[in-house]
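> Sharing a structure below in structure tokens format, with a few things to ask.
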Amino acid sequence: MRGVETTERAPRYRAGLPQRPDRIAALPLSKQGYPIPWFVATLEDGTRDFRIISHERLAEAVKLGRCWVCGQNLGGYKAFTIGPMCAVNRISAEPPSHRSCAQYAAVACPFLSRPEMVRRETGLEELGTVKPPGMIERNPAVALVWVCRDYAGKMTRGRALFEIGDPIALEFYHRGQPASFAQVCDSIRTGLPALLQATEHDENPAYSRGMLALELVAALGQVEKCFPGHKADAEQLLTEAMKAAGVTV
Ligand SMILES: [Zn+2]
């Protein structure tokens, strides 16, 4: 018996993407064959734009403990997929996911896995989206999966932000592969000026820069644990960062 011919074929999982965990396989696919994350809003005309998050789903994720990527219930471990600079201020604009979903996002999401990708901003203003305060507009080249047990949500200038808990595990990725220590350092080094610049809007910029320096010390300590044998390189990066922040040690 012949199959029924339809004019529009169902999209197929995009060739070249990594194998999907079951929870990701349950998500619908975009025309280009990318899984559509649970957090993506459905616009009035029924289309989905990967750049626009659903505020209802943000509230649901926090209230009901749902995974940001697949929408299923989270367990005890929470994973944040962030840029390395977020390891310094330990703030994420998005709530957590399952570890496997966060790992998948780090290797499959074009923005997170391909450094040459830049965020498209076309049409976003008309759609009424607002960038989180302090969001660094660059591709960090390194995606970090930060696994922890707890986090805290807070509202800052009308936006939900998430304070990330102490890490149980940190995994760094570059172009879908485990990142080297040099790649992580490079991402921190190039991201630092934007974080320093953001302190200029604070009430006491010098104090904020000092706090940032302290956060950097803590973050580099965590990073260094993941890459044993790089103590000297980490110290050198720290010295450079302190100099940039105008902090003497
Ligand atoms: Zn999930």
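The values are calculated or read from the model by the stated rules, or taken from the named source; none is laboratory data. No experiment lies behind these values; they were computed from the predicted model shown. Don't worry about glycine lacking a Cβ; one is built from the backbone with ideal geometry, like all the others, and counts go over all protein chains shown.
> Would a scan of the stretch 78-90 turn up a residue that is surrounded by fewer than 16 Cβ atoms within 10 Å (Cβ to Cβ) and not in a loop (DSSP other than H, G, I, E, B)?
Taking every residue of the stretch 78-90 in turn, none turns out to be surrounded by fewer than 16 Cβ atoms within 10 Å (Cβ to Cβ) and not in a loop (DSSP other than H, G, I, E, B).
> Also: For the stretch 158-196, how many residues are within 15 Å of the chain's Cα centre (by Cα) and in a helix (DSSP H, G or I)?
Number of matching residues: 4.
> Something else about it: Which residues, taken from the stretch 136-151, are assigned to a loop (DSSP other than H, G, I, E, B) and modelled with pLDDT of 80 or more?
A141, V142, R149, D150
> Among the residues of the stretch 58-68 satisfying the criterion of being of a type in the set (D, E, K, R) and either more than 13 Å from the ligand (Cβ to nearest atom) or assigned to a loop (DSSP other than H, G, I, E, B) (or both), which is surrounded by the fewest Cβ atoms within 10 Å (Cβ to Cβ)?
K63
> Moving on to the next point. In the stretch 82-107, how many residues are among the polar types (S, T, N, Q) and within 11 Å of the ligand (Cβ to nearest atom)?
Count: 3.
> Would you mention how many residues in the stretch 72-82 are touching a residue at least 60 places away in the same chain (Cβ under 8 Å) and either touching a Leu at 6+ places or on another chain (Cβ under 7 Å) or under 26 Å from Y13 (Cβ atoms) (or both)? Working first, answer last.
Taking the stretch 72-82 and keeping what is touching a residue at least 60 places away in the same chain (Cβ under 8 Å), we get 76-82.
Narrowing further to those that are either touching a Leu at 6+ places or on another chain (Cβ under 7 Å) or under 26 Å from Y13 (Cβ atoms) (or both): 79-82.
Selection size over the stretch 72-82: 4.
> Just wondering, is there one or more residues in the stretch 201-216 that are out of contact with any strand residue (DSSP E or B) (no Cβ under 7 Å at 6 or more places or on another chain) and either assigned to a strand (DSSP E or B) or β-branched (V, I, T) (or both)?
No, there is no match, as no residue in the stretch 201-216 is out of contact with any strand residue (DSSP E or B) (no Cβ under 7 Å at 6 or more places or on another chain) and either assigned to a strand (DSSP E or B) or β-branched (V, I, T) (or both).
Condition check ((1) away from the ligand (no atom under 16 Å from the Cβ); (2) at positive phi; (3) surrounded by fewer than 17 Cβ atoms within 10 Å (Cβ to Cβ)) across all residues:
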| position | (1), (2), (3) |
| --- | --- |
| A41 | yes, no, no |
| G46 | yes, yes, yes |
| I52 | yes, no, no |
| C70 | no, no, no |
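> Identify the residue in the stretch 24-39 that is part of a loop (DSSP other than H, G, I, E, B) and within 11 Å of the ligand (Cβ to nearest atom) and, among all such residues, is farthest from A105 (Cα to Cα).
My answer is A26.
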